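Visitor: Handing you this structure, nothing more for now.
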Amino acid sequence: MSAAVAGGSAEAVLDVLARTRLYVLVPRLHADIPDWTPPLPTFRDEATRRICVPVLTPGMLPPWHPEWVFREVGLGELARIWPYDARRLAVNHGTPYTALVAAGHRRLRGWHQADERSGGPRQGVLVTDGGGPLHGPLAHGLALGAHLAVSNGLVWNRLGAVYQDYAADRARLRRPWGIPHRAEFRDRLGSLMKNQLVGRVQEAVLRTRHTLAARLGRTPGREEWSQAVDRALAARDGHDRAEAQRALNRFVRYEERFRADGVLAPDDRVDTLAAFDLGRAVNVVRLALGARYTEPQEAGQDVLRLGALAREAYRSWDAFSLGYLLARLVHGDDEDGTPGEERMYREALAQHRVLTEDPTSPYRNIPWS
């Protein structure tokens, strides 16, 4: 943003703004009213005497406050709902990174065009807050949730005012998590910490192989593994036994693909899917903080606890990421061999590679233990 402003190109500034998440402060009382969008805030700039609409970029959001909540608003939406008497967009007003962008009927058309060119904030990219935790136990814990952050193009290392924005954070907790309030958040987080949501049958299949490998001193072959699973689940009902064999087949197929794609060593394997629950739990904590169902100190302690649990379950970032990747694929909704399954595999593999290969990734810069 600063470089675009310094360059003096109005179009370059708009292009940057169109790719940036912009936030407006919303009174929490208004934000809690269903299906009602408050008008944009305005103020009169003392230097120019112009009416301005203030927005903040993610790095300029103030510290978490129970009553200060924020709404994300894109450049195209700003153009659609622009107040008739406002003449400037004040980006990060009152900070060293202030930028005033002229508005007006003809200029707003340029905002729409910039929004269409950009397609909005990018997804599938690693976004790091330079002012957030970058090293130490808290950064380690936050990095467990980086897969979802990369998928959504959101910052991975912030415990602050928003995850995405107040309304979106509350909506994401309601669906798919079914969390409408603090008590349900604490209950669901406890289940994730105990790896109760990743799939008991799937986890039992991997645990059976791990136990058998320890006894044999080597990774068992597919038939040995299948027979051991049949014995281990003999007392279960027919549905669980059939599900176990389906899971085993998918584990074998995906691990073979991981090896072919060079992300799993020939003699290595995935022993637990715990990463999926632990990684999602970090994001649930961050969503709950944005939704005001928890507060920063408690959220920080939860993230530290999740980091400790991850270190108990895995030996490295690569192993953790592959556990997350495998769980996501096995729990996908598509049937084997469909285009949807292939798309999910490619997306998940791309996230794994971003996190394990990007030189700025926390997985490359934060020691696992």
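None of the figures in this text is laboratory data; all of them are computed from the coordinates on show. What you see is a predicted model, and the numbers here were worked out from it, not measured in a lab. Note that each Cβ is placed from the backbone with ideal geometry, even for glycine, and that neighbours are counted across all protein chains shown.
Visitor: I'd like to check something: does the range 289-304 contain any residue that is out of contact with any Phe, Trp or Tyr (no Cβ under 6 Å at 6 or more places or on another chain), among the hydroxyl-bearing types (Ser, Thr, Tyr) and farther than 19 Å from residue 135 by Cβ?
Guide: Initial filter on the range 289-304 (out of contact with any Phe, Trp or Tyr (no Cβ under 6 Å at 6 or more places or on another chain)): 289, 291-292, 294-295, 297-304.
Applying the additional criterion that residues be among the hydroxyl-bearing types (Ser, Thr, Tyr) yields 294.
Going one step further and asking which of them are farther than 19 Å from residue 135 by Cβ, we end up with 294.
Yes, that holds for at least one residue.
Visitor: Out of the range 156-168, which residues are surrounded by 23 or more Cβ atoms within 10 Å (Cβ to Cβ) and not in a loop (DSSP other than H, G, I, E, B)?
Guide: Scanning the range 156-168 gives a single hit, 166.
Visitor: Considering only the range 109-148, how many residues are over 29 Å from residue 11 (Cβ atoms) and surrounded by fewer than 18 Cβ atoms within 10 Å (Cβ to Cβ)?
Guide: Within the range 109-148, the first condition is being over 29 Å from residue 11 (Cβ atoms), and the residues that meet it are 132-148.
From what is left, the residues that are surrounded by fewer than 18 Cβ atoms within 10 Å (Cβ to Cβ) are 132, 134-137.
Count: 5.
Visitor: Residues being free of Cβ contacts under 8 Å to residues at least 12 places away in the same chain and among the acidic types (Asp, Glu): count how many of those fall in the range 79-100.
Guide: Qualifying residue count for the region: 0.
Visitor: Would you mention how many residues in the range 50-86 are of a type in the set (Val, Ile, Thr) and assigned to a loop (DSSP other than H, G, I, E, B)? Walk me through it before giving the result.
Guide: Kept after step one, since they are of a type in the set (Val, Ile, Thr), are these residues of the range 50-86: 51, 53, 55, 57, 69, 73, 81.
Cutting the leftovers down to assigned to a loop (DSSP other than H, G, I, E, B) gives us 57, 73, 81.
Qualifying residue count, the range 50-86: 3.
Table: residues versus (1) more than 23 Å from residue 292 (Cα to Cα); (2) touching a residue at least 60 places away in the same chain (Cβ under 8 Å).
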position	(1), (2)
24	no, no
34	no, no
38	no, no
62	no, yes
70	no, yes
77	yes, no
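Visitor: Moving on to the next point. Hey, among the residues in the range 288-332 that are in contact with a helix residue (DSSP H, G or I) (Cβ under 8 Å, 6 or more places away or on another chain) and polar (S, T, N, Q), which one's nearest to residue 160 (Cα to Cα)?
Guide: My answer is 294.
Visitor: Something else: Please state which one of 311, 286 is surrounded by 24 or more Cβ atoms within 10 Å (Cβ to Cβ), among the basic types (Lys, Arg) and under 18 Å from residue 144 (Cβ atoms). Lay out the reasoning, then the answer.
Guide: Values: 311 fails: surrounded by 24 or more Cβ atoms within 10 Å (Cβ to Cβ).
Of the residues listed, the single one that is surrounded by 24 or more Cβ atoms within 10 Å (Cβ to Cβ), among the basic types (Lys, Arg) and under 18 Å from residue 144 (Cβ atoms) is 286.
Visitor: Would you be able to say whether some residue in the range 252-261 is within 22 Å of residue 197 (Cα to Cα), in contact (Cβ under 8 Å) with a residue 40 or more places away in the chain and in a loop (DSSP other than H, G, I, E, B)?
Guide: Looking through the range 252-261, none of the residues is within 22 Å of residue 197 (Cα to Cα), in contact (Cβ under 8 Å) with a residue 40 or more places away in the chain and in a loop (DSSP other than H, G, I, E, B).
Visitor: Which numbered condition trips up residue 110, out of (1) over 24 Å from residue 31 (Cα atoms); (2) in a loop (DSSP other than H, G, I, E, B); (3) not hydroxyl-bearing (Ser, Thr, Tyr)?
Guide: (2)
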